[in-house]
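Working notes, structure below.
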Amino acid sequence: MQILRPIASRDFAAFKQIAIESGHGFTSLPVDDQLLQDKITRSERSFAKSLNKPFDEGYVFVLEDSETGDIMGTTAIEAAVGMQVPLYHYHLGKTVHHSRTLNVYNTVDILSMCNDYTGCSEICTLFLREPFRKGLAGRFLSRSRFVFMADHSERFSDTVIAEMRGVSDSQGNSPFWKWLQEHFFSIEFPQADHLVGLGDKVFISELMPKYPIYANLLSEDAQAVIGKVHEKTKPALKLLQKEGFEHRGYIDLFDAGPTIEAKLGNIRTVQRSFVAVVEICAGVSGKARAISNQGLADFKATFTDKCSYDEQSKTLQIDPSVAKALALNNGDSVRTFTL
C-alpha cells in the first residue's frame, strides 16, 4: 500500500536521493544537506503549529511503500509565499504603439517584473521517482495535497499557485536565461538556479532589469520558450489544468516557465471530495478511491479499491488493512474522492 504522510527526520537520506534525481531546474530541491535538513525541520514545526491563518509555513509530504519502506516521491505546500523572502515573477502584458498620422498600429508583448503572488499558497516540489511512475501514484500524489488543504483551509490562502518548470536542456541550460545572462548577468543558469534554491535571491533585485522588457527584443530561442514547460513537466501541468488551474501571464524569471493559479474552493478535487463516516468491513471492494484520515501532524492518505461508498448511509466501507494503514476506527471521518 502507498501511504502519503508528513516527512520526518528519518527520511533525510531518501529526500536527498530525490533531490539528486530531480535534476536541473527543480529549484525547490537543491542538493544541499543543510538546506534539505532545514526543509524537514521547518515542515515538522509547521505541522505542529496551532494556526488560524497562513504565514510562512511549509508542509512537506513523502509517499511511502508500506511493505518495503521505500520513499517513492515527495510533494509540498507553501502556506504563504513571499512573506519572508520576496517572490519575483515576470508578467507578460501588452503595450500598443499607434500613430494615426502614419497609420501604424503595433501591439508588442512586454515582460514586467512583479511580486503579485505575495501571500498566495503554493503547491510545489512534486516529484515521483522513475521506478514508481505507473498506475495511479502520480495522480494520487498531485491531488492529495488538495484534500489536506480542504480540511485545513485556515492554514492556506484563497489563491493557490504552482510554478511549472520551464524549458532547459540536459545540461540545465535555459534559452531564456541565456539571453538574460548575456545582457544582465555573468553566471550560468545552473548556478543561478542553485542560488534561488538556497534562498539567496538578493542578486535578483541587484541585477535584474528594473524596467519592462520588450519580448520581441529577446532572441528567437528565448521568445520560443516563454510560458512553455519542460518535457518532463507536461504530465504535471495537464493534471493541474484538469483541476482548474489557469495561466494568467506570469512566468519564472529564469527559465520563463508558466506559473498557474486557481482559487482553493474552485479546485476540482476540493469540490468533488467529501467527508464520510468509516465502517470497517473485511473483503469489501469497489472503485479506486483516495482516502485521507483528515489528520494534521498525523495526516495519512492512500488510494485503494478495497472500499465502497454507500450513498444512502453516507458511510465508506473500508477493509481492515486500509483502516490499519490510516489509523482509523469505526465511526471516524475521512475525506475521499475517486481517482
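The values are calculated or read from the model by the stated rules, or taken from the named source; none is laboratory data. These figures come from a predicted structure and were not determined experimentally. Please note: Cβ atoms are built from the backbone with ideal geometry, for glycine as well, and neighbour counts cover all protein chains shown. Note: areas computed on protein heavy atoms with side chains; ligands, DNA, RNA excluded. Shrake-Rupley method; radii C 1.70, N 1.55, O 1.52, S 1.80 Å.
Does A80 fit the bill of being in contact with a Ser or Thr (Cβ under 8 Å, 6 or more places away or on another chain), under 28 Å from R129 (Cβ atoms) and open to solvent by less than 30 Å² (accessible area, probe 1.4 Å)? Reasoning before the result, please.
Details: in contact with a Ser or Thr (Cβ under 8 Å, 6 or more places away or on another chain): yes; under 28 Å from R129 (Cβ atoms): no; open to solvent by less than 30 Å² (accessible area, probe 1.4 Å): yes.
No; evaluated as a whole, the condition is false for this residue.
Here are the criteria: (1) open to solvent by less than 60 Å² (accessible area, probe 1.4 Å); (2) within 21 Å of V62 (Cβ to Cβ). Tell me which single one D332 does not satisfy.
(2)
Please enumerate the residues belonging to region 15-36 that are under 23 Å from F148 (Cα atoms) and either of a type in the set (A, V, I, L, M, F, W, C) or not in a loop (DSSP other than H, G, I, E, B) (or both).
Keep residues of region 15-36 that are under 23 Å from F148 (Cα atoms), which gives 15, 18, 28-29, 36.
Passing the criteria: F15, I18, L29, L36.
Among (1) crowded, with 23+ Cβ neighbours inside 10 Å; (2) under 19 Å from G58 (Cα atoms), which single condition is Y88 missing?
Exception for Y88: condition (1).
Can you tell me which of (1) exposed (fewer than 13 other Cβ atoms within 10 Å of the Cβ); (2) touching a Ser or Thr at 6+ places or on another chain (Cβ under 8 Å); (3) acidic (D, E) is the one E67 doesn't meet?
E67 satisfies all of (1) exposed (fewer than 13 other Cβ atoms within 10 Å of the Cβ); (2) touching a Ser or Thr at 6+ places or on another chain (Cβ under 8 Å); (3) acidic (D, E) except (2).
Looking at D252, D221, which one is at pLDDT below 95, on the phi < 0 side of the Ramachandran plot, under 17 Å from the mean Cα position of the chain (by Cα) and of a type in the set (D, E)?
Matching residue, one of D252, D221: D252.
Across region 75-98, which residue is modelled with the lowest pLDDT among those that are of a type in the set (S, T, N, Q) and farther than 16 Å from E163 by Cβ?
Per the criteria, the residue is Q84.
Which one of I204, I187, I226 is part of a loop (DSSP other than H, G, I, E, B), of a type in the set (A, V, I, L, M) and at pLDDT below 90?
I187
Give me the residue from region 155-170 that is within 15 Å of the chain's Cα centre (by Cα) and not in a loop (DSSP other than H, G, I, E, B) and, out of that set, farthest from S50 (Cα to Cα).
Among those that are within 15 Å of the chain's Cα centre (by Cα) and not in a loop (DSSP other than H, G, I, E, B), it is E163.
Within region 45-61, does at least one residue satisfy the condition of being open to solvent by less than 10 Å² (accessible area, probe 1.4 Å), among the β-branched types (V, I, T), modelled with pLDDT of 95 or more and outside any loop (DSSP other than H, G, I, E, B)?
No, because not a single residue in region 45-61 is open to solvent by less than 10 Å² (accessible area, probe 1.4 Å), among the β-branched types (V, I, T), modelled with pLDDT of 95 or more and outside any loop (DSSP other than H, G, I, E, B).
Of all the residues that make up region 290-308, how many are open to solvent by 30 Å² or more (accessible area, probe 1.4 Å) and closer than 27 Å to R155 by Cβ?
Count: 6.
Please identify the pairs in which a residue from region 51-70 that is in contact (Cβ under 8 Å) with a residue 60 or more places away in the chain has its Cβ atom under 7 Å from the Cβ atom of a residue that is open to solvent by 40 Å² or more (accessible area, probe 1.4 Å) and of a type in the set (A, V, I, L, M), counting only partners at least 6 apart or on another chain.
S66/M1
Conditions first: (1) assigned to a helix (DSSP H, G or I); (2) at pLDDT 95 or above. S142 passes all but one, so which condition is the exception?
(2)
Quick one: what pairs do we get from region 221-248, first residue surrounded by 13 or more Cβ atoms within 10 Å (Cβ to Cβ), second among the hydroxyl-bearing types (S, T, Y) and at pLDDT 95 or above, C-beta under 7 Å, 6+ apart or different chains?
E243/T269
Find the residue count for region 278-313, including only residues that are in contact (Cβ under 8 Å) with a residue 60 or more places away in the chain and of a type in the set (S, T, N, Q).
The number of residues fulfilling the criteria is 4.
Tell me, please, whether a residue that is under 30 Å from P86 (Cα atoms), touching a helix residue (DSSP H, G or I) at 6+ places or on another chain (Cβ under 7 Å) and of a type outside the set (F, W, Y) can be found in region 280-297.
Within region 280-297, the subset under 30 Å from P86 (Cα atoms) is 296-297.
Next, from what is left, pick out any that are touching a helix residue (DSSP H, G or I) at 6+ places or on another chain (Cβ under 7 Å): 296-297.
From the residues that got through so far, the ones that are of a type outside the set (F, W, Y) too are 296-297.
Among the residues of region 280-297, at least one is under 30 Å from P86 (Cα atoms), touching a helix residue (DSSP H, G or I) at 6+ places or on another chain (Cβ under 7 Å) and of a type outside the set (F, W, Y), which makes the answer yes.
Limited to region 1-49, what total is found for residues that are under 30 Å from A256 (Cβ atoms) and small (G, A, S)?
Total satisfying the criteria: 6.
I need the full set of residues from region 109-126 which are open to solvent by less than 20 Å² (accessible area, probe 1.4 Å) and touching a helix residue (DSSP H, G or I) at 6+ places or on another chain (Cβ under 8 Å), in order please.
Answer for region 109-126, where residues must be open to solvent by less than 20 Å² (accessible area, probe 1.4 Å) and touching a helix residue (DSSP H, G or I) at 6+ places or on another chain (Cβ under 8 Å): L111, S121, I123.
Going by what's in this entry, would L35 be described as on the phi < 0 side of the Ramachandran plot, touching a helix residue (DSSP H, G or I) at 6+ places or on another chain (Cβ under 8 Å) and either buried (at least 19 other Cβ atoms within 10 Å of the Cβ) or of a type in the set (G, A, S) (or both)?
no
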